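The values are calculated or read from the model by the stated rules, or taken from the named source; none is laboratory data. Keep in mind that this is a model prediction, so the values were computed, not measured. Backbone-built Cβ (ideal geometry, glycine too); neighbour counts: all protein chains shown.
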Amino acid sequence: MAHSITRKDFLVKAGSALAVSSFGFPSIILPRKNEKLGVALVGLGNYSTNLLAPGLLQTKHCELRGIVTGSPEKIPVWQERYGIKDSNVYNYGNMYQLANNDDIDVVYIVLPNHMHAEYSIIGAEAGKHVWCEKPMAMNAEECREMIRVTKSNRVQLTIGYRMQHEPNTQTIIKYGQEQTYGEITEIRSGGAFNGNFGEGVWRTVANMGGGAMYDMGVYPLNAARYSSGLEPVAVRATQWTDRTDMFPDVDEHTDFDLEFPGGLIALCKTSFGKSMNYLEVDCTDGWYRLEPFLSYDGVQGETSSGTQLPEDPNHQQARQMDNDALAIKNNTPPIVPGEEGLADMVVVDAIFESAANGGDWIQL
């Protein structure tokens, strides 16, 4: 019976816990009315520099006010470019002092995967809402602790699955919910790129959350779940590496199959050794697909009935952050709560277990 719960039911139940505390008071710290939320980016790597910070220049409900970095040389550049005050600049050692800063409402954790849980918890304990990049953490246990701490500090926890905010992806989700093309019979998805990384880059180091599954595999995993509207009941996986010099202790390739209630199978692939970017859904009365399905722009698709899903010109990260800001301002469950990241990580844990055991099916 526990395996028959749908994804929608799962998230509704999870979201209802966010909405009201056991005493009937709002369970989150509400921001000042009619003001943009102040966001501090935690980690100033490529994603913050080239996508999140420019996106925050386009948002209507939040704005960049602070930074947390371990690279002092970046500070003057960011201050000049974005007008960040000295009092809103932190490092990883003093980030807890955000508790005394009313300029900052939200911390966005944009760090290597092994640092997500630690700095999300620091942000929550400072009384700040937490936006955390995917994958949520290193394992399901860390995810549960992040959820516990954010709830106990009355702040929202939102995971940066930007695709769930993207219009064509939302259309795909709606097709599944309404069975527009009948019952889903098979899902296929691949998320991968051909990467060449230098020695010591975190994506190549196991204890830093490196490997294709952590970095790219959560895209097809999440896609299989949101397109089906179901939670998987079993998974099997194989992992291997061709370039052992570059990936000595992480997966360069992972193939994994998900079984959903009713026998529906999703065939998923991820890799650092070749490019893949597709989501295909077969149904009893037709099909639909997105290709590319996870790019920062240009997401587009088509259906068996000839419907075209043209790319949306708007900034994905700006839309995502505005949606997440509105959830805080309106005290409503976010589109992608922490429980969504946890649900993925339960499966990721099982994927690694299956691969370590020769590709056996693991029951969830």
Output the number of residues of the stretch 15-50 satisfying the condition of being surrounded by 20 or more Cβ atoms within 10 Å (Cβ to Cβ), at pLDDT below 95 and not in a loop (DSSP other than H, G, I, E, B). 1
Hey, can you tell me all the residues within the stretch 327-353 that are in contact with a Ser or Thr (Cβ under 8 Å, 6 or more places away or on another chain) and in a helix (DSSP H, G or I)? ALA327, GLY338, ILE351
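Name every residue in the stretch 286-328 that is among the basic types (Lys, Arg) and crowded, with 19+ Cβ neighbours inside 10 Å, in order of residue number. Give the steps one after another, and end with the answer.
From the stretch 286-328, those among the basic types (Lys, Arg) are 289, 319; that's our starting set.
ARG289, the sole residue that qualifies.
Within the stretch 151-198, restricting attention to residues that are among the basic types (Lys, Arg) and not in a helix (DSSP H, G or I), which residue is farthest from TYR296 (Cα to Cα)?
Taking the stretch 151-198 and keeping what is among the basic types (Lys, Arg), we get 151, 154, 162, 174, 188.
Going one step further and asking which of them are not in a helix (DSSP H, G or I), we end up with 154, 188.
Working: ARG154: 32, ARG188: 20 Å.
If we take residues in the stretch 151-198 being among the basic types (Lys, Arg) and not in a helix (DSSP H, G or I), then ARG154 is farthest from TYR296 (Cα to Cα).
Can you say whether THR158 is closer than 30 Å to PRO310 by Cβ and touching a Pro at 6+ places or on another chain (Cβ under 6 Å), as far as the supplied structure shows? Give the derivation first.
On the way: closer than 30 Å to PRO310 by Cβ: yes; touching a Pro at 6+ places or on another chain (Cβ under 6 Å): yes.
The answer is yes for THR158.
Residue under question is ASN323, and the condition is that it be over 21 Å from TYR288 (Cα atoms), free of Cβ contacts under 8 Å to residues at least 40 places away in the same chain and in the same structural domain as VAL39 (by TED's automatic domain parsing); does it hold?
Numbers: over 21 Å from TYR288 (Cα atoms): yes; free of Cβ contacts under 8 Å to residues at least 40 places away in the same chain: no; in the same structural domain as VAL39 (by TED's automatic domain parsing): yes.
In short, no.
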Select, from GLN170, GLN164, the only residue that is surrounded by fewer than 16 Cβ atoms within 10 Å (Cβ to Cβ) and not small (Gly, Ala, Ser). GLN170
Counted residues, the stretch 87-112 - those being over 27 Å from ASN331 (Cβ atoms) and in a loop (DSSP other than H, G, I, E, B): 6
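Output the number of residues of the stretch 229-249 satisfying the condition of being out of contact with any Lys or Arg (no Cβ under 8 Å at 6 or more places or on another chain) and within 18 Å of VAL347 (Cα to Cα).
Let us first name the residues in the stretch 229-249 that are out of contact with any Lys or Arg (no Cβ under 8 Å at 6 or more places or on another chain), namely 233-249.
Next cut, within 18 Å of VAL347 (Cα to Cα) only: 233-239.
Summing the residues that are out of contact with any Lys or Arg (no Cβ under 8 Å at 6 or more places or on another chain) and within 18 Å of VAL347 (Cα to Cα) in the stretch 229-249 gives 7.
Quick grid of which residues meet (1) more than 22 Å from the chain's Cα centre (by Cα); (2) loosely packed, with under 12 Cβ neighbours inside 10 Å:
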residue	(1), (2)
ILE67	no, no
ILE75	yes, no
GLU80	yes, yes
LYS85	yes, yes
TYR90	yes, no
GLY93	yes, yes
ASN101	yes, no
HIS114	no, no
Name the single residue, out of those in the stretch 212-233 being touching a Ser or Thr at 6+ places or on another chain (Cβ under 8 Å) and not in a helix (DSSP H, G or I), that is surrounded by the fewest Cβ atoms within 10 Å (Cβ to Cβ). GLY229
Residue within the stretch 241-256 that is among the β-branched types (Val, Ile, Thr), closer than 17 Å to GLY176 by Cα and not in a strand (DSSP E or B) present: no
Failed condition for GLU280, given (1) over 30 Å from LYS151 (Cα atoms); (2) charged (D, E, K, R); (3) assigned to a helix (DSSP H, G or I): (3)
Exactly one condition in (1) modelled with pLDDT under 95; (2) in contact with a strand residue (DSSP E or B) (Cβ under 8 Å, 6 or more places away or on another chain) is false for GLU199; which is it? (2)
Look at LEU267 and say whether it is over 19 Å from the mean Cα position of the chain (by Cα), assigned by TED's automatic domain parsing to the domain that holds GLY198 and hydrophobic (A, V, I, L, M, F, W, C). yes
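Rundown of residues vs (1) out of contact with any helix residue (DSSP H, G or I) (no Cβ under 6 Å at 6 or more places or on another chain); (2) among the basic types (Lys, Arg), yes/no style:
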position: VAL77; (1), (2): yes, no
position: ALA117; (1), (2): no, no
position: GLY123; (1), (2): yes, no
position: LYS134; (1), (2): no, yes
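Farther than 18 Å from VAL155 by Cα, hydrophobic (A, V, I, L, M, F, W, C), in contact (Cβ under 8 Å) with a residue 40 or more places away in the chain and not assigned by TED's automatic domain parsing to the domain that holds ASP297: which single residue out of LEU51, LEU37, LEU41, LEU64 fits that description? Let's see the steps before the verdict.
Values: LEU37 fails: farther than 18 Å from VAL155 by Cα; LEU41 fails: farther than 18 Å from VAL155 by Cα; LEU64 fails: in contact (Cβ under 8 Å) with a residue 40 or more places away in the chain.
Sole residue among the options that is farther than 18 Å from VAL155 by Cα, hydrophobic (A, V, I, L, M, F, W, C), in contact (Cβ under 8 Å) with a residue 40 or more places away in the chain and not assigned by TED's automatic domain parsing to the domain that holds ASP297: LEU51.
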